[in-house]
């Protein structure tokens, strides 16, 4: 499997898309820190941007790459290699490449310009989202045979988690305004990895506003060890379940 | 006004030391109370280093009581340590510890009881229930005292400096830490609070009620359980104070409740849950303050009217303004808002389009607290952009018509 | 070496393989023949584990291949259309497969690489190559590890006559070593002198599996395409 990771990683790193992605992230993060005198605000803006860009690029890139590497997979599937290892290898190669891009594009600027705990957790949040959306993209690529359809599914998933889901939450909030919804909200935030990452981040940066009112329960829940542990656990679930399911499907797929 | 008051008190203190005053020396093992009883009006009593447990000392005549190298007056957790019932008394240079605790009487380290022209200076107060307690005091000075306690809860801790039904007090340069309220004013008028530091008290750094025509300047209130509360008062002047790091679901930089005709200027509000929370307040001028990195800049309830918010800097706050009503009876003008995205074509330093400091999301959260979960969601971002272009929900009139393009040099 | 028993595969409603049972042995060179869509490629993919049969099973060297992968080290496969990662050069592709498949002590067969003179084009990227050159790379990879079983899907399609002859010579040489070779081809004339047996598939069903000598005797023809034409005629006549 190591060799497959190696070869797909080498292949991806030669890809211009990943270079462009690195450059984009680097330009965004450096210019944010240059333009913004207040580093906390810069981290906030960077969070906003990375919550949008990172999942989007991760899912589209992975879907397209998986379809494009159909040849690679076809070539190797006839070789004496376990099938699941093949997909694991390609998947790990993809997320390694994306994480390298993320480290150079966001991690390094943060390390140099804002080496704080909030900087670190911004990086970790983006990394977690990269893995989650790569997993989801791999799943949609394995499930759909048609390239356009697969990319469509990935885009839809991204759109759903970024916009539609929050819209639904807002709707629920207003429909049920008379009921105590804090616990429900905590539950709902678990069902969306982007929300989960965002809230985890906010609790570090905007504690004041979060605690302003509501906050007590949010803070109590996410702030204590149990809540933080649960957040990490749920995030890990979001990373692993889609890819495990994708591998299962891939094992039974006719190529 | 402060200077005048200081001058008045200064001259009063000076007159109480006639040239022919006698000096008395109290050594460890001797009784301070006995020395007081023996002394005549205007004498000086010097207390040598040591620990004195006297089960309550009462100063009932004009005297100067001076500690040499901080002699310790111990209340043994049972007694009020010093009670001053006469005018023209000075107490300075003592370490006063362990005043009695009682849920019936508010026992203090030092109590000024129906006296005027009293000075309490340069003392160290440790582990007292109440620190310095002014009851019907007037024209008195409480300065440069270092007041600390490690009280556990609001119930078993008293206030650092407590003033009740007093007037013309000067509270200056004290450091108060670990009490219930750092400084507590109730029915206190025409007094000044200057250069104090109130840090990590259990409830409020400063608690202010029914106290009119008071001034407080250059104080720092930091990390107090609930910040600062100023309530039911008129004509309060607040200048160059620092309100820092007051976190918590019920913490405010400053809580203004039923305040009128008052003035807050050149203050700094940094990292508070809500820098200013206003309720039932009117005719306030909030001018040239700095609001930095607060959850809310100003939470102004619909019960406030005729307040003027001018030339302040709002920088890096999660929400600049929040309100619970749609009626706008206050004016926001010429402030600097870091979230302003307008332009300045004629280059006069004033933005050409108005700024709406009340975001749609702040309004949503005000109505439905749980919506906080969506804070900074891209979805909310979209809604806010739409609302900025075509205001439908946020009050049309809540806007700054002359937003400054640059922060004011404050 | 290969025994298929009642192998069944459906794609949706289409029956691609309809209970195919056959056995192939060492030293045989077998032509898989049938019209387009008769299930030849599907059968090959089943052998390679790329397509998983709905029912029935296949054994390679007495081992059921269902959900195993180790048996593939005995197989060299040359697909119908060779597709490679676009960004890699010929050398990188060959090195990669070698790197992934190589076991210590294994001897490599680089005869075809030399015969096709591929080393001269080692630095070219796969996307710049013609279909024929890709086929050559594919053929080299199939023979590289000296597998006991060779599966060649339309090996000569796209190859120029010279290359085609080189490949045929190579197949004959391996045959002589006692290997099992499975070839599909539309160009029957290419298979003359090469194959010893013929498997004929039609609409997913096995029509017959006989040795060439037997067929030649039956039909009285020497050339393969003549033989097949005769059989077709007979079959239609029977109907």
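The values are calculated or read from the model by the stated rules, or taken from the named source; none is laboratory data. Model, not experiment: these values are computed from the prediction. All Cβ positions, even for glycine, are placed from backbone atoms using ideal geometry, and neighbour counts span all protein chains on display.
Annotations for the structure displayed:
- Residue in segment B:374-391 that is surrounded by fewer than 21 Cβ atoms within 10 Å (Cβ to Cβ), in contact with a strand residue (DSSP E or B) (Cβ under 9 Å, 6 or more places away or on another chain) and either modelled with pLDDT under 90 or assigned by TED's automatic domain parsing to the domain that holds residue B:311 (or both) present: no
- Look at (1) within 29 Å of residue C:51 (Cβ to Cβ); (2) over 15 Å from the mean Cα position of the chain (by Cα); (3) more than 14 Å from chain C (Cβ to nearest Cβ) and you find that residue A:83 fails only one, number (3).
- So residue B:338, is it surrounded by 16 or more Cβ atoms within 10 Å (Cβ to Cβ), free of Cβ contacts under 8 Å to residues at least 60 places away in the same chain and in contact with a strand residue (DSSP E or B) (Cβ under 8 Å, 6 or more places away or on another chain): no
- Scanning segment A:13-36 for residues that are within 14 Å of chain C (Cβ to nearest Cβ) and part of a helix (DSSP H, G or I) yields A:13, A:16, A:17, A:18, A:19.
- Test: residue in segment A:45-60 that is away from chain C (no Cβ under 14 Å), within 15 Å of the chain's Cα centre (by Cα) and under 30 Å from residue C:69 (Cβ atoms): yes
- Members of segment A:37-73 that are in a helix (DSSP H, G or I) and out of contact with any helix residue (DSSP H, G or I) (no Cβ under 8 Å at 6 or more places or on another chain): A:41, A:68, A:70, A:71
- Checked across segment C:77-85, the condition of being assigned to a loop (DSSP other than H, G, I, E, B), away from chain A (no Cβ under 14 Å) and within 30 Å of residue C:189 (Cα to Cα) holds for no residue.
- Strands (runs of 3 or more DSSP E) enclosed by segment B:43-162 - at least 3 residues per element that are out of contact with any helix residue (DSSP H, G or I) (no Cβ under 7 Å at 6 or more places or on another chain): B:43-47, B:63-67, B:72-74, B:82-84, B:95-97, B:108-113, B:124-126, B:130-135, B:138-143, B:146-148
- Flag if residue A:243 is modelled with pLDDT of 90 or more, within 11 Å of chain B (Cβ to nearest Cβ) and in a helix (DSSP H, G or I): no
- Verdict on residue B:272 being in contact with a helix residue (DSSP H, G or I) (Cβ under 8 Å, 6 or more places away or on another chain) and in contact (Cβ under 8 Å) with a residue 40 or more places away in the chain: yes
- Residue B:294 being closer than 19 Å to residue B:398 by Cβ, touching a strand residue (DSSP E or B) at 6+ places or on another chain (Cβ under 6 Å) and part of a loop (DSSP other than H, G, I, E, B): yes
- Test: residue in segment B:216-223 that is out of contact with any strand residue (DSSP E or B) (no Cβ under 9 Å at 6 or more places or on another chain), touching a residue at least 40 places away in the same chain (Cβ under 8 Å) and not assigned by TED's automatic domain parsing to the domain that holds residue B:332: no
- Looking across segment A:228-240, not a single residue is within 14 Å of another protein chain (Cβ to nearest Cβ) and either more than 20 Å from the chain's Cα centre (by Cα) or surrounded by fewer than 17 Cβ atoms within 10 Å (Cβ to Cβ) (or both).
- Evaluating residue C:138 against the criteria (1) in a helix (DSSP H, G or I); (2) within 19 Å of residue C:93 (Cβ to Cβ); (3) touching a helix residue (DSSP H, G or I) at 6+ places or on another chain (Cβ under 8 Å) leaves one unmet condition, (3).
- Within the span defined as segment A:179-194, one or more residues are out of contact with any helix residue (DSSP H, G or I) (no Cβ under 9 Å at 6 or more places or on another chain) and at the interface with another protein chain (Cβ under 10 Å from one of its Cβ atoms).
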